[in-house]
Amino acid sequence: MKKICYLAPASNIHTVRWVNALVENQFDVTLVTMHEPDMDKIDSNVKIEVLPFKKGYGYYLNAWALKSVLRKYNPDFLHVHYASGYGTLARLAKFKPTILSVWGSDVYLFPNKREVNRRILKKNLSHAKYITSTSHDMKRETEKYLDYNKEIYITPFGIDTQLFRVNDNKNNNENNQLRIGIAKKLEKVYGIDYLIRAVSELKKKLKIQGYNNIADNLKLIIIGEGSQREELNSLVKELELENQVEFIGNIPNVEIPNYLNEIDIFCIPSLSESFGVAALEASACAVPVVASNVGGLPEVVLHGETGYLVDAGNSKELSERLYELALNPELRKEFGEKGRELVNSKYSWKESVRIMLEVYNNIED
């Protein structure tokens, strides 16, 4: 049985799904983290080691504690997630071999904030013997910070198609109700303010064109929490959308399909996006997706087939695509069905685990 130490945030659903999958595949897994487990359940066979110092300086101060954990468990390899904070900690621990998985903001945003961040990222990528990325676009972005050729494995983050599927409660758009949804952190990078403005424009256009019943029954469901919550609340009030917008807050990942099955259109108006797991979750539930044409989103949202791609930060274009889908339930159904087919053919969780295990099997000391 191979032993692996996972260095990643235990509060993140992606971490939880990976470690759970590994123990199911007969790995001896220890999750080392600075983030306490949250609402998503970690398999009881996963050993958890919480490091003493929290994020920030903890990425430096925890180096000795991490070395101690690695001596204790003596894993075959260390798999670290995030090339910035956790990547720095892994480099300081000097354990080999190390796999580093880039996630998104660590390569798209972190190195552009300060020159020192760029240098840190390059050092962390150089230390890792193996690198994985969920999308081809993020692979290209990561390659900008490599001083020499190093293979980057593409390991898409797949979808549990048994959990994310069309259920018996699927919304059938009775009474001309139109429900638009998003499930993201309430942070500026995800462009939720543009979506709110787009919904405001959509409501006005529906009224002008005489679709009063749809306009009156228009709903925007926002799932997630973040630093923009108050700002977004104020925008909703400013645009007089209190009756249209509902903030759900954070919910466990296993409850997301229930909401997806109640909406007609899923939106991801991100300004930056590494892959697009949320888009695939919606597609798996046969929901059409309107997303920004950035990062890895064009890889998982096929324009004119499973949804539409729009320019990032363009609420007008977003509103126009929403209007088109609002008046065409047949097109929504067609996009949704093709989205489900896409997930089944290329992005199932079983296939993602197979790809990652293949990477693991190629690891040498």
Of all residues in segment 182-198 being assigned to a helix (DSSP H, G or I) and more than 13 Å from the chain's Cα centre (by Cα), which is farthest from Asn243 (Cα to Cα)?
Lys188
Scan segment 199-240 for residues that are in contact with a strand residue (DSSP E or B) (Cβ under 8 Å, 6 or more places away or on another chain), of a type outside the set (Val, Ile, Thr) and in a helix (DSSP H, G or I) and report the count.
6
Is it true that Ala215 is without any contact (Cβ under 8 Å) to a residue 24 or more places away in the chain and under 15 Å from Asp264 (Cα atoms)?
yes
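Matching residues to (1) surrounded by fewer than 17 Cβ atoms within 10 Å (Cβ to Cβ); (2) in the same structural domain as Trp18 (by TED's automatic domain parsing); (3) β-branched (Val, Ile, Thr):
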| site | (1), (2), (3) |
| --- | --- |
| Asn233 | yes, no, no |
| Glu238 | yes, no, no |
| Leu241 | no, no, no |
| Ile251 | yes, no, yes |
| Ile263 | no, no, yes |
| Ile268 | no, no, yes |
| Val289 | no, no, yes |
| Gly295 | no, no, no |
| Val300 | no, no, yes |
The number of residues in segment 92-131 that are on the phi > 0 side of the Ramachandran plot and more than 25 Å from the chain's Cα centre (by Cα) is 1
Number of the condition not met by Arg321 [criteria: (1) touching a Pro at 6+ places or on another chain (Cβ under 8 Å); (2) farther than 29 Å from Thr155 by Cα]:
(1)
Looking at the structure I just gave you, is Ile131 touching a strand residue (DSSP E or B) at 6+ places or on another chain (Cβ under 6 Å), over 30 Å from Glu341 (Cβ atoms) and part of a strand (DSSP E or B)?
yes
If we scan segment 329-347, do we find a residue that is more than 30 Å from Ala21 (Cβ to Cβ) and surrounded by 19 or more Cβ atoms within 10 Å (Cβ to Cβ)?
yes
Screening Leu31, Leu70, Leu22, Leu61 for residues that are under 15 Å from Pro97 (Cα atoms) and hydrophobic (A, V, I, L, M, F, W, C) leaves only Leu70
Counted residues in segment 108-126 being within 29 Å of Glu364 (Cα to Cα) and free of Cβ contacts under 8 Å to residues at least 40 places away in the same chain come to 7
Determine whether Lys207 is of a type outside the set (Val, Ile, Thr), surrounded by fewer than 18 Cβ atoms within 10 Å (Cβ to Cβ) and either in contact (Cβ under 8 Å) with a residue 24 or more places away in the chain or under 26 Å from Asn12 (Cα atoms) (or both).
no
Any residue in segment 106-123 that is under 24 Å from Ala284 (Cα atoms), of a type outside the set (Lys, Arg) and either assigned by TED's automatic domain parsing to the domain that holds Leu66 or buried (at least 20 other Cβ atoms within 10 Å of the Cβ) (or both)?
no
In this structure, is Asp168 acidic (Asp, Glu), at pLDDT 95 or above and surrounded by fewer than 20 Cβ atoms within 10 Å (Cβ to Cβ)?
no
How many residues does segment 138-165 contain that are under 15 Å from Ser101 (Cβ atoms) and assigned to a strand (DSSP E or B)?
3
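The values are calculated or read from the model by the stated rules, or taken from the named source; none is laboratory data. Since this is a predicted model, take the numbers as computed values, not measurements. Note that each Cβ is placed from the backbone with ideal geometry, even for glycine, and that neighbours are counted across all protein chains shown.
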